[in-house]
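The values are calculated or read from the model by the stated rules, or taken from the named source; none is laboratory data. The structure presented is a predicted model; accordingly, all values stated were derived computationally and were not measured. Using ideal geometry, Cβ is built from the backbone for each residue, glycine included, and neighbour counts are taken over all protein chains shown.
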Amino acid sequence: MIDELEGLAAARPGVAVELTERAFTRLDQADLDDSDGWLTQFCQRLTALHAESAGAACLPADEVAARRARLQTLDLRPFDGVVDLD
């Protein structure tokens, strides 16, 4: 799934932003076992894809911040430890 999202990001970065956010929400609701770390690695890729896509879509910084803040309310907290250098 993430490979397809990465491919989509080049052509339609705004759509990729929306779909990565939806993926975070769905993963959060799924109550998945991350004992082997696969979910953490997947979320790291999604986090990077979200940042790259938001930049490519030229989303305003305040909108990106609001989107990240909303996602941080999830149990996954996908942006913990992410430093934004923009």
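Yes/no per residue for (1) touching a helix residue (DSSP H, G or I) at 6+ places or on another chain (Cβ under 8 Å); (2) in a helix (DSSP H, G or I); (3) acidic (D, E); (4) surrounded by 14 or more Cβ atoms within 10 Å (Cβ to Cβ):
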residue: G7; (1), (2), (3), (4): no, yes, no, no
residue: L32; (1), (2), (3), (4): yes, no, no, no
residue: V64; (1), (2), (3), (4): yes, yes, no, yes
residue: A69; (1), (2), (3), (4): no, yes, no, no
residue: P78; (1), (2), (3), (4): yes, no, no, yes
residue: G81; (1), (2), (3), (4): no, no, no, no
Can you spot a residue in region 21-40 that is polar (S, T, N, Q), at pLDDT below 90 and within 20 Å of E52 (Cβ to Cβ)? yes
Looking at region 40-56, which of the residues that are aliphatic (A, V, I, L, M) and surrounded by fewer than 17 Cβ atoms within 10 Å (Cβ to Cβ) is farthest from the chain's Cα centre (by Cα)? A56
Taking region 34-57, which residues are outside any loop (DSSP other than H, G, I, E, B) and aliphatic (A, V, I, L, M)? L39, L46, A48, L49, A51, A54, A56
I need a count of the residues in region 50-86 that are at positive phi and at pLDDT below 95. 2
Hey, can you tell me all the residues within region 23-54 that are in contact (Cβ under 8 Å) with a residue 40 or more places away in the chain and of a type outside the set (D, E)? F24, T25, L27, F42, R45, L46, L49, S53, A54
